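See below for the structure under consideration.
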Amino acid sequence: MAISIAFIGLGNMGGPMAANLVKSGYGVRGFDLSPESREAAAATGIAVASSAAEAVAEADAVVTMLPAGRHVLAVWQELTAAVKPGTLLIDCSTIDVDSARQAHVLAKEAGCLSLDAPVSGGTVGAAGATLTFMVGGDKDAFARGEAILQAMGKRIVHCGDAGAGQAAKICNNMILGITMAGVCEAFVLGEKLGLSHQALFDVASTSSGQCWSLTTYCPVPGPVPTSPANNGYKPGFAAALMLKDLKLSQEAAVAAGATTEMGAHAAKLYEKFSDGGHGGEDFSGLINFLRENA
Ligand code: NAD
């Protein structure tokens, strides 16, 4: 019998992810608070339910893709009261590690298996089923969830027990936020010193300054034609989402007693950039903020 999946949160990421489950042959029943998202999901073959509880009632597995920890906990409270015992619950949202662990506890109390499985790859990866999943949870849950995640992504990494997926996600994105800020600063300094963008790129991309923020996502137009800088800093990865992830890393650092001064500074820079009305721009647009505030 075909595996039946409930999908709650059919927004920019969840909509195309759920559509890829349908393409892989799963029966998908979905729910979202937004009528527009429900309508778009119905057009991709998802059976739309009138509530999260209704969507999950007959499901073998449930996937949630929601904005933040409070949404995930509220929805998991509702769905753990409505699912069959033994159902696998997977949260793919990017949320704080504490809420992720609380969600695992809710699942356990309801007799369910659970995974935290945040993603990287953005809306392009969601549409193309090329996401990377960073997964936390026990081996039995991972063994059951892996095939479902494979239908939505190309790289599935089991990072450890409950919360390990979220921990990997915020550590990775803290590196990303810091390296992008560093690359932006280097280009602004190079400009002041009369160095061309291409010359700095040619040296740093083949030297010890090499990193993803430079070679894939170069914040100046020219050296990497596919980077958002060549497209008016249209996201890509919006500055507001980078700020969200940096804030999550800083909350986790305080709670865990880790010193992350570079991460804290990057969070402050993105906060100023985002609060200045640029939250919807690609995060590499930080370079314009640094130039203006030089
Ligand atoms: P989105 O705002 O487009 O989608 C979230 C959806 O959740 C919305 O459609 C909203 O109506 C729905 N929702 C909220 N509360 C609900 C509830 N109680 N019941 C049912 N539906 C509810 O956001 P998104 O871009 O799809 O992001 C989702 C998650 O993925 C976030 O945690 C985000 O940080 C993460 N993420 C996003 C990207 C990206 O590029 N957009 C990349 C990686 C990770």
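Every number in this text was worked out from the coordinates using simple rules, so none of it is lab data. The structure presented is a predicted model; accordingly, all values stated were derived computationally and were not measured. Reconstructed Cβ throughout: ideal geometry from the backbone, glycine too, with neighbour counts over all protein chains shown.
Points to keep in mind about this one:
- Under a Gaussian network description of the chain, with springs only between Cα atoms under 10 Å, the residue in SER208, SER93, SER51 that fluctuates furthest is SER208.
- About the centre of its Cα atoms, the chain shows a dipole size close to 340 debye [charges on the beta carbon of Lys, Arg (+1) and Asp, Glu (-1) only; nearest 20 debye].
- Most fluctuating residue given options GLN102, GLN166, GLN198, as computed from a GNM of the chain linking Cα atoms under 10 Å: GLN198
- Computed over the alpha-carbon pairs of the chain, the distance histogram in 5 Å steps reads 1, 6, 12, 15, 17, 15, 12, 9, 7, 4, 2, 1, 0, 0 percent, short to long.
- Under the span-like rule (Cα at least 30 Å along the axis, Kyte-Doolittle mean at least 0.0), DSSP H helices of the chain: 164-192
- Build a GNM of the chain with springs between Cα atoms under 10 Å apart, and of ASN172, ASN12, ASN231 the one that fluctuates most is ASN231.
- For the stretch 124-129, 3J(HN,Hα) per residue [Karplus equation, 6.51 cos²θ - 1.76 cosθ + 1.60, θ = phi - 60°, Hz, x = Gly/Pro]: 5, x, 5, 5, x, 6
- Pairs from LYS169/LYS272; LYS23/LYS247; LYS139/LYS244; LYS84/LYS244; LYS139/LYS169 whose Cα-Cα separation, in the structure shown, is over 31 Å: LYS23/LYS247; LYS84/LYS244
- Overall, the stretch 155-294 carries a charge dipole of about 120 debye about its Cα centre when +1 sits on the Cβ of Lys and Arg and -1 on the Cβ of Asp and Glu, all other atoms neutral.
- Database remark: amide H of GLY27 closer than 5 angstrom to the amide H of ILE3, ILE5 (H placed geometrically; neighbours at sequence offset of 5 or more, or on other chains; Pro and chain starts carry no H).
- Only Lys, Arg (+1) and Asp, Glu (-1) charged, at Cβ; the stretch 1-70 dipole about Cα centre in debye: 140 debye
- The stretch 1-143: C-alpha gyration tensor shape, a/c 1.5 cut-off, then a/b vs b/c: rounded
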